[in-house]
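Below is one structure; the comments refer to it alone.
The values are calculated or read from the model by the stated rules, or taken from the named source; none is laboratory data. Here the structure is a predicted model, which means the values were calculated and not measured. Glycine also receives a Cβ, built like all others from the backbone with ideal geometry; neighbour counts cover every protein chain displayed. Side chains included, ligands, DNA and RNA excluded: accessible areas come from the protein's heavy atoms. Shrake-Rupley method; radii C 1.70, N 1.55, O 1.52, S 1.80 Å.
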Amino acid sequence: FNPTEADTTTVVQNEWTWQLNRHHDWYALALAYGQSGDEKFAAEFTEQFKSWVDQCPRPTDSTGNYPKSAWRTIETGIRASGPWPSAFYGFKASPSFDDDAVMDMLHLFAEHARHLMPADHFRSGSNWGTMESNGLFTIGVLFPEFRDAAMWRKTGIDRLYGELEKQVYPDGMQIELSTGYHQVSLRNFYDPLKLARLNDIAVPDGYLSRLERMFHFNVYLAAPDG
């Protein structure tokens, strides 16, 4: 495949939108606020969050997996498993993170889970699916007060358990055969396990033994003979 210059430009522009909507910059704002207590960081986060809410409603009639969408399922999962919980808990005591913003964010956590829940939205067989499932499970664990939280937890961890068998070769290597994506998938399998243990939530029998193969691969890969 040899894309034209125009094709390449389009791809780059699409990734710009998608990557921004992962909201990794909110990690930095939450960290700066936690370390300094300076309300300017909380105010900036709240302004960005409210702007995003106004501009990026969830598509209710599609997966959102198209150019310039803020709701591709991979971005939805990434936000839900990391940047959004970090921001929510990092700013929840701030007066700048006002009641309207808090309620909007709680509502949107549920919207993230609803977007990730349908079986036809789930991208099985790649690191994409692990990120979706991690996000779904994380919301179900962190917000047990939601009516469907138990279903989100079970669906998320069951999908991850199945993907551990589908995506990991017997030697422990992730099927995309990339050391980078191997670590991405490993992290998205491992973080839910840590979260489950912190919250006394059981995971399927065999989850850990399947995951250990991925760590074994990293150990062997680091050996001098490669």
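Tell me, how many Å apart are the Cα centres for region 170-219 and for region 75-96?
When both Cα centres are located, 24 Å separates them.
Which parts of region 206-225 would a label at LYS194 reach, counting a residue when its backbone N lies under 19 Å from a point 7 Å out along Cα-to-Cβ?
207-219
Using the charge dipole of the chain (Lys, Arg: +1 at Cβ; Asp, Glu: -1 at Cβ; taken about the Cα centre), state which of LEU108, PHE49, ALA119 has its Cα farthest towards the positive end.
Among LEU108, PHE49, ALA119, the one farthest towards the positive end of the dipole of the chain is ALA119.
At a Cα cut-off below 22 Å, give the lysines reachable from LYS154, other chains included and same-chain residues fewer than 8 away excluded.
List returned: LYS166, LYS194.
Straight distance only, please: which aspartates and glutamates reach the Cα of LYS40 with their own Cα at less than 17 Å, same-chain residues fewer than 8 apart left out?
Excluding near neighbours in sequence, the set is ASP25, ASP98.
With n ≥ 4 as the cut-off for DSSP H runs, can you work out [θ] at 222 nm for the chain, using -39500 (n - 2.57) per run divided by the number of residues, rounded to the nearest 500?
My calculation for the chain gives -22000 deg cm²/dmol from helical runs alone.
Compute the helix-to-body angle for 127-142: its Cα long axis versus the longest principal axis of the chain, expressed 0 to 90° and rounded to tens.
In the chain, helix 127-142 runs at an angle near 50 degrees to the longest axis.
Put HIS121, HIS115, HIS107 in order of accessible area, largest first, 1.4 Å probe: what do you get? Intermediate results must be reported in sequence, preceding the final value.
Working: HIS121 25, HIS115 0, HIS107 100 Å².
If we order HIS121, HIS115, HIS107 from most to least accessible, we get HIS107, HIS121, HIS115.
Which value, in Å² and to the nearest 10, is the accessible area of THR73 when all protein chains are kept and the probe is 1.4 Å?
Roughly 0 Å² of THR73 is accessible to a 1.4 Å probe.
Just how much of ILE201 is accessible, in Å², when a 1.4 Å probe is used and the result is rounded to the nearest 10?
Here the residue's solvent-accessible area equals roughly 50 Å².
Using 0.36 nm per residue, how much length does the chain from VAL102 to ASP120 gain when fully extended, once their Cα-Cα distance is taken away? Write out the running numbers ahead of the final one.
On the way: separation 18, 0.36 × 18 = 6.48 nm, distance 3.02 nm.
That works out to 3.5 nm of additional length.
What is the distance, in nm, between label points placed 7 Å from the Cα along the Cα-to-Cβ direction at THR60 and at LYS166?
Spacing of the two 7 Å Cα→Cβ label points: 2.8 nm.
In terms of solvent-accessible area of protein heavy atoms at a 1.4 angstrom probe, what is the ranking of SER133, SER36, highest value first?
Numbers: SER133 0, SER36 70 Å².
Correct descending sequence by accessible area is SER36, SER133.
For the chain, take the longest principal axis of its alpha carbons; what is the angle in degrees between that and the long axis of helix 39-55, to the nearest 10 within 0 to 90?
80
Just how large is the dipole of region 64-220 about the Cα centre, in debye to the nearest 20, putting +1 at every Lys and Arg Cβ and -1 at every Asp and Glu Cβ? Spell out each step's value before the answer.
Working: 16 positive and 19 negative charges, 53 e Å.
Using only the charged Cβ atoms, the result is roughly 260 debye.
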